[in-house]
Amino acid sequence: MKSSPRWVRWMLALALFAGVGTGIRYVHAQANRTPAVETLLPSGAIAYFDWDGMQAHDEAWKKTAAYRSLHESGLMDVVAKLLRFALQQAQAQEPGIATADLEKAYTLITDNGLSLAVSLPGEDGAAAPMPFATLVLHKGAPLEPGLSAAIKQGTQGELDLRSQTLDGRKVTSALIPDSPGVEVGWWLEGEHLVAVVGIDAVKQQIDVAAGRTPNITANPLWKKYRAEEPGFERSLLGWFDFGELRTRFGGIPLPPTGPDAPQVTANQVLDALGLGNLGALVTRSGYKGEASWSKTTLEAPGEKKGLLALGSTKPISLDDVPPLPPELFGFATGSIDWSHCYVTLTKVVKDVTALGPPQQAAQVEGMIDQLPAMLGVDVKTDLLDPLGGTATIYSDLAGGVFGAGVVLAVDDAAKLRTTLDNLLARASQEAGPNEFQARRVQKHGREMVVLEIGGGMFSPTYVVDEKWLAIGLLPQTVESFLLRVDDKLPRWKPEGDWENAMKELPREFTSISGSDPRPVYRGLLGYAPWIMGFLQGGLRQSGMLPPGQDLPVTVADLPPADVVVRHLFPNVSVSTVDDEGFHWTSRSSLPSNPLLSGGGSAGVATSGVLIALLLPAVQAAREAARRSNSASNLKNHALALHNHHDAFRGLPAPAYPNEDLKPEQRLSWMTRMLPFLDEQPVYNRIDFKKAWDDEANKEPLSKQIGVLLHPSLDEKEKNGYGVTHYVGVSGYGEDPTKNPGVFGSERGVRFADITDGLTNTLLMIEVNKDFGPWGASGKSTVRGFTKKPYFNGPDGIGGPSPLGAQAAAAAGAVHFIDNDTDPSVFEALSTRAGGEV
């Protein structure tokens, strides 16, 4: 595998805390002294996430529409098989991964849940926050025995793990190299697995677990939101405490934005933005009846200023929603005071820039003041004042992919029409008739304006009715809206499933959004048979699915779409505002957008469906990316060899000329290429008078050269030396010197010597076994086609893909060569002057 940046490996290592373990076993002896999870999390949690898992709410979960749709339909059985297959493919790519253990880890976490806290210890006003994170896998003790081995593999052995007993706990920990003292560690607290990362994180966390420092139950947010009844069976609680962050570090001076800028603090900037009273963002989710519920609160007590004032609008109801299409996929309507928003935003911009250099503040204020002259209209008086107090965006299933529309309420239609006409005239004058035209069409007693912009595929259209401004990507969307206004087309009504979805939510709100997940899942399941066939063909072509092997499920295993969606109903979310802040309440069956699934078991289950469907495709895409990376390596080699030919009037000899050494002791041709591969410092440290395995050359030749390594292969060193996954082609036959290729003679050849043609002669090719040091001459860096089969045979020539290998021609182009290519073609390609056709 291609070497990853070190920080990426640390992130992967930390991800392993969430579930990778080998040697699964349970520590029954500790079960009787398992503490409550909340006693293991520090009180000063700025960010907190706690999910109970599915078993704790099994009865409530099984009553939901999500459970009936995903599990009772049999869809999750299909998903489980696909997930298992995907994990097996991952194991094939990463042999150290234990598929069974990954499955057990996934099951354990989804059954029992996890908790995560990111804390900022220290005094208020500290110069720099140094957070530490605590992860608790509920009843995760079975994952602990093999975690050390998994971490070592994930970090390529660079973590120096040590075990010690602290306060009666067997702690495994290590310092992250090249970090300012950041450590990772893990241990058991009864049945729970605790993992930490941060500076002095192990000690800080053990102090919490031992009761020497307060735990999360002392946090005001815990006391408030754990005790508060949300109106449903809660399974998840999380927060981000922006207010605490502001209190502790808001007084820190910020770097000046210019030489003349005044010194300001973070709190001064937040006050200018109107965020001075912003508190915590708290979310809770769970189950009630057949629905999954969530409540989110953004604390902002007191007067709402600046950006917060934008959300503090008057309440509306369903009566304020415009006529919508009956085949409604989704919509969102919000209360908005356009003029107030404009005034507020311009003030915020001026207040923020006033904290910077005076000249910059004056420029920004001047630009805002000149805006009416630039546009030809007064933004507030002419454009925003005529608009009403609501805005709606919707998606019409009958209108196809581009059936979305936007509708704004209108208070002064005549004034708005005049303003829009002035803006169109200015746009037409600036752009010219070939780039912008506005065509006016009379439809149903109104004037529709169709915009033609640069010959694009869309024709944005708008109409100003006496009560509404309607906008669409196509004229048909706008015309349909007019027909609904005139009651000539049916309208959407909040009845049936929609009414049931809304009846438990507030009747007045500042915004409302609704979406119907049934069309999405019906469409996904309708295409699933085609997708499975496509995936199977793609995986087989990529070599990830061996010939004769099929996916673990067939089309017949998929349940009918109607069986899956029959229990689903529309999802509805509303927002409200009060003196304490902003509130969002949602009631859903399954996320309408599966890629943005919410918290709780429904979100986990939906994510599982998508992971199962997409992982094989991701695996195929990853292999394609690695193949592309390898092709790039070969291309860089070929370019480097051409540059060497230009500089030295020839290609390098297979082994560096040195009569004092035996051929097998000499340095390879690849050492001569280092300056042309941006490795001049390594080249400068090589002693070309000595053998490749001389102690003097040990240090430079131990370096792993990225361009010499195939990203799909793991072996990067041998006996302490960096290896190569590519070799020069020497020819074919038991003695390739009789049928020589580019690297088939002692001296370096010239392009003029390649009489078969540069495009018809192989220069380099991938190998998949018997890797050797890139600094050594011989088989490590030069090979020929000596025994059949030439691909994946005794010569070790061939790529990681079972379908073939990539090779660079002497002309510089890189080609993928199928492994069932006729041997005579290989022979012809391997020679430089064979005269073959």
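Kindly state which strands (runs of 3 or more DSSP E) lie completely within the range 390-491 and contain at least 3 residues that are over 42 Å from the mean Cα position of the chain (by Cα) and aliphatic (A, V, I, L, M).
Fully inside the range 390-491 and qualifying: nothing.
So which residues in the range 690-703 are open to solvent by less than 70 Å² (accessible area, probe 1.4 Å), more than 14 Å from residue 776 (Cβ to Cβ) and touching a residue at least 12 places away in the same chain (Cβ under 8 Å)?
Hits for the range 690-703: nothing passes.
Any idea which of 130, 76 is modelled with pLDDT of 70 or more, open to solvent by 20 Å² or more (accessible area, probe 1.4 Å) and outside any helix (DSSP H, G or I)?
130
Among the residues of the range 184-222, count how many are over 19 Å from residue 144 (Cα atoms), touching a residue at least 40 places away in the same chain (Cβ under 8 Å) and assigned to a loop (DSSP other than H, G, I, E, B).
Residues flagged as over 19 Å from residue 144 (Cα atoms), touching a residue at least 40 places away in the same chain (Cβ under 8 Å) and assigned to a loop (DSSP other than H, G, I, E, B) within the range 184-222 amount to 6.
For the range 666-689, what are the residues that are touching a residue at least 24 places away in the same chain (Cβ under 8 Å), surrounded by fewer than 21 Cβ atoms within 10 Å (Cβ to Cβ) and not in a helix (DSSP H, G or I)?
Once the filter is applied, which keeps residues that are touching a residue at least 24 places away in the same chain (Cβ under 8 Å), surrounded by fewer than 21 Cβ atoms within 10 Å (Cβ to Cβ) and not in a helix (DSSP H, G or I), the range 666-689 yields 679, 686, 688, 689.
Which residue is farthest from the chain's Cα centre (by Cα), if the candidates are limited to the range 737-768 and must be among the basic types (Lys, Arg) and either within 30 Å of residue 687 (Cβ to Cβ) or open to solvent by less than 10 Å² (accessible area, probe 1.4 Å) (or both)?
747
Going by the conditions given, is residue 723 under 36 Å from the mean Cα position of the chain (by Cα) and assigned to a helix (DSSP H, G or I)?
no
Here are some residues: 194, 182. Which one is within 25 Å of residue 152 (Cβ to Cβ) and either at pLDDT 95 or above or aromatic (Phe, Trp, Tyr) (or both)?
Exactly one residue qualifies, and that residue is 194.
Within the range 796-816, how many residues are surrounded by fewer than 22 Cβ atoms within 10 Å (Cβ to Cβ) and free of Cβ contacts under 8 Å to residues at least 40 places away in the same chain?
3
Look at the range 726-763 and say how many of its residues are more than 25 Å from residue 823 (Cβ to Cβ) and not in a loop (DSSP other than H, G, I, E, B).
2
Inside the range 656-665, can you point out the residues that are part of a helix (DSSP H, G or I) and either within 22 Å of residue 703 (Cα to Cα) or at pLDDT 95 or above (or both)?
Matches in the range 656-665: 664, 665.
Just give me the residues in the range 569-581 being open to solvent by 20 Å² or more (accessible area, probe 1.4 Å) and not in a loop (DSSP other than H, G, I, E, B), in sequence order.
Within the range 569-581, 573, 576, 577, 578 qualify.
Go through the residues of the range 704-711 one by one and say whether even a single one is under 22 Å from residue 643 (Cβ atoms), in a strand (DSSP E or B) and open to solvent by less than 50 Å² (accessible area, probe 1.4 Å).
There is no residue in the range 704-711 that is under 22 Å from residue 643 (Cβ atoms), in a strand (DSSP E or B) and open to solvent by less than 50 Å² (accessible area, probe 1.4 Å).
Against the conditions (1) open to solvent by 20 Å² or more (accessible area, probe 1.4 Å); (2) modelled with pLDDT of 85 or more; (3) under 20 Å from residue 710 (Cα atoms), where does residue 792 fall short? Just the number, please.
(2)
Based on this model, can you work out whether residue 784 counts as part of a loop (DSSP other than H, G, I, E, B) and open to solvent by less than 30 Å² (accessible area, probe 1.4 Å)?
no
Restricting the search to the range 740-755, which residues are of a type outside the set (Gly, Ala, Ser) and in contact with a Lys or Arg (Cβ under 6 Å, 6 or more places away or on another chain)?
Passing the criteria: 742, 754.
Taking only pairs six or more apart or across chains, which ones have beta-carbon atoms under 8 Å, a first residue in the range 497-518 that is of a type in the set (Lys, Arg), and a second residue that is crowded, with 21+ Cβ neighbours inside 10 Å and outside any loop (DSSP other than H, G, I, E, B)?
518/565
Check whether at least one residue in the range 450-461 is open to solvent by less than 70 Å² (accessible area, probe 1.4 Å), touching a Lys or Arg at 6+ places or on another chain (Cβ under 7 Å) and modelled with pLDDT of 95 or more, and report yes or no.
Scanning the range 450-461, I find no residue that is open to solvent by less than 70 Å² (accessible area, probe 1.4 Å), touching a Lys or Arg at 6+ places or on another chain (Cβ under 7 Å) and modelled with pLDDT of 95 or more, so the answer is no.
Mind counting the residues in the range 261-312 that are in contact (Cβ under 8 Å) with a residue 40 or more places away in the chain, more than 30 Å from residue 517 (Cα to Cα), of a type in the set (A, V, I, L, M) and surrounded by fewer than 20 Cβ atoms within 10 Å (Cβ to Cβ)?
The qualifying residues number 5.
Does the range 828-837 contain at least one residue that is part of a strand (DSSP E or B) and either farther than 21 Å from residue 757 by Cβ or of a type in the set (S, T, N, Q) (or both)?
There is no residue in the range 828-837 that is part of a strand (DSSP E or B) and either farther than 21 Å from residue 757 by Cβ or of a type in the set (S, T, N, Q) (or both).
Give the range 638-655 a look and list any residue that's outside any helix (DSSP H, G or I) and either open to solvent by 60 Å² or more (accessible area, probe 1.4 Å) or over 14 Å from residue 780 (Cα atoms) (or both), or say none.
Of everything in the range 638-655, those that are outside any helix (DSSP H, G or I) and either open to solvent by 60 Å² or more (accessible area, probe 1.4 Å) or over 14 Å from residue 780 (Cα atoms) (or both) turn out to be 649, 650, 651, 652, 653.
Only one residue in 359, 370, 363 is assigned to a helix (DSSP H, G or I), surrounded by fewer than 18 Cβ atoms within 10 Å (Cβ to Cβ), in contact (Cβ under 8 Å) with a residue 12 or more places away in the chain and more than 35 Å from the chain's Cα centre (by Cα). Which one?
So the residue among 359, 370, 363 that is assigned to a helix (DSSP H, G or I), surrounded by fewer than 18 Cβ atoms within 10 Å (Cβ to Cβ), in contact (Cβ under 8 Å) with a residue 12 or more places away in the chain and more than 35 Å from the chain's Cα centre (by Cα) is 359.
Exactly one condition in (1) outside any loop (DSSP other than H, G, I, E, B); (2) more than 30 Å from residue 699 (Cβ to Cβ); (3) not charged (D, E, K, R) is false for residue 808; which is it?
The one condition residue 808 does not meet is (2).
Can you tell me which of (1) under 19 Å from residue 414 (Cα atoms); (2) open to solvent by 40 Å² or more (accessible area, probe 1.4 Å); (3) in contact (Cβ under 8 Å) with a residue 60 or more places away in the chain is the one residue 389 doesn't meet?
(2)
One line per residue, one yes/no per condition, for (1) open to solvent by less than 70 Å² (accessible area, probe 1.4 Å); (2) within 17 Å of residue 299 (Cα to Cα); (3) more than 33 Å from the chain's Cα centre (by Cα):
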position	(1), (2), (3)
207	yes, no, yes
211	yes, no, yes
215	yes, no, no
239	yes, yes, no
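So residue 750 ticks every box in (1) touching a residue at least 40 places away in the same chain (Cβ under 8 Å); (2) touching an Asp or Glu at 6+ places or on another chain (Cβ under 9 Å) but one. Which box is left unticked?
(2)
Considering (1) outside any helix (DSSP H, G or I); (2) at pLDDT 70 or above; (3) open to solvent by less than 20 Å² (accessible area, probe 1.4 Å), say which one residue 634 fails and leave the rest.
(1)
The values are calculated or read from the model by the stated rules, or taken from the named source; none is laboratory data. Because the structure is predicted, anything quoted here is derived from the model rather than measured. No Cβ is skipped: glycine too gets one built from the backbone with ideal geometry, and neighbour counts run over all protein chains shown. Note: areas computed on protein heavy atoms with side chains; ligands, DNA, RNA excluded. Shrake-Rupley method; radii C 1.70, N 1.55, O 1.52, S 1.80 Å.
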